[in-house]
Amino acid sequence: VPQRLREVFAVLQPQGELSSLQVQIGDHEHAVPDWEVDANFRDVAVQSWHGAPGVQAATGYVKLTPGKGFVVMDSPGLSLDFPTVYQQPLHYEDMFGSLHLDWDSETFTIASGLLTTRGDEGEAKVLFGLTIPLEPSEVGIEMDLLVGLQDSHPVHRVKYIPYVLDDTLLSWLADSIGEGHIEQGAFIWRGSLN
């Protein structure tokens, strides 16, 4: 595992429970290019780091090999904390789906399959991507987020509107949308978290 990636994990301060941990090393004298880790995890928490989300109460399965991995999540009570985008963590009654991980010496990326969340706003479908540079970068961390929901109430929009938007736009969104019913709605964010 590259030194910078080890530093990232040290900053994230992971906590939680691992069960059924299995580590395979093909050649103990040359472990770096030939290893595999499989584990079930429960109530895992990581801290937010440079705009990457903090997580509370993640539960699922992870498989890691050199440079890549995947996570299958089935996480009741999950919270995601994006302190550079949202003032409050995003809480969900449940979240399930998969995440794909890739890394090299310069970049760590997370890309989701279709995630399903359940919260106060109802059931939402989410596609999520995060590109985290492991070397200094002008752009910094980049995020792609698409949230689609049905049969909800407009009051729940505030959960997904970043506080970093222009004050005029935030004021307009607060004043112009009143009572009603959201048959279908979506929120898209694509760009740097700087």
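The values are calculated or read from the model by the stated rules, or taken from the named source; none is laboratory data. Keep in mind the model is a prediction, meaning the values are calculated, not measured. Don't worry about glycine lacking a Cβ; one is built from the backbone with ideal geometry, like all the others, and counts go over all protein chains shown. Side chains included, ligands, DNA and RNA excluded: accessible areas come from the protein's heavy atoms. Shrake-Rupley method; radii C 1.70, N 1.55, O 1.52, S 1.80 Å.
Computed from the Kirkwood radius of its Cα pairs, the Stokes-Einstein diffusion coefficient for region 30-128 at 20 °C and 1.002 mPa s stands at 149 µm²/s.
Against the main long axis of the alpha-carbon atoms of the chain, helix 3-12 sits at an angle near 50°. Each Lys or Arg adds one and each Asp or Glu subtracts one; over the other residues with Cβ under 13 Å from the Cβ of V155, this totals -1.
By its C-alpha gyration tensor, with a ≥ b ≥ c as the square roots of the eigenvalues, how is the chain shaped: rounded for a/c under 1.5, else prolate for a/b larger than b/c, else oblate? Before the final figure, lay out the partial values.
Numbers: a/c = 2.61, a/b = 1.72, b/c = 1.52.
Prolate is the answer for the chain, as a/c is 1.5 or above and a/b outweighs b/c.
Note on N194 and S137: the model spin-label points, each 7 Å out from Cα along the C-beta direction, lie 1.1 nm apart. Of the residues G26, G148, G54, which exhibits the maximal mean-square fluctuation in a Gaussian network model of the chain defined by a 10 Å Cα contact cut-off? Evaluated over the chain, the most mobile residue of the options is G26.
Computed from the Cβ-Cβ distance with R0 of 25 Å, the FRET efficiency linking T116 to L21 stands at 0.40.
Angle of helix 167-176 to the longest C-alpha principal axis of the chain, folded into 0 to 90 degrees and rounded to 10: 60°.
The stretch between A174 and D151, if pulled fully straight at 0.36 nm per residue, gains 6.3 nm over its current Cα-Cα span. Mean separation of Cα pairs under 8 Å and 6 or more residues apart, divided by the residue count, gives the chain a relative contact order of 14 percent. How much net charge surrounds G129 when only the other residues with a Cβ under 14 Å from the Cβ of G129 are counted, with Lys and Arg +1 and Asp and Glu -1? Computed value for this residue: -2. The GNM of the chain, with springs linking C-alpha atoms under 10 angstrom apart, assigns the highest mean-square fluctuation among S20, S152, S98 to S20.
Accessible surface computed residue by residue for region 73-126, with neighbouring protein chains in place and a 1.4 Å probe, gives 46 Å² per residue. Using a Gaussian network model of the chain in which every pair of alpha carbons under 10 angstrom is joined by a spring, one finds that among Q184, Q87, Q56 the greatest mean-square fluctuation is at Q184.
The fraction of accessible area contributed by carbon and sulfur in the chain is 54 percent, rounded to a whole number (1.4 Å probe; ligands and nucleic acids excluded).
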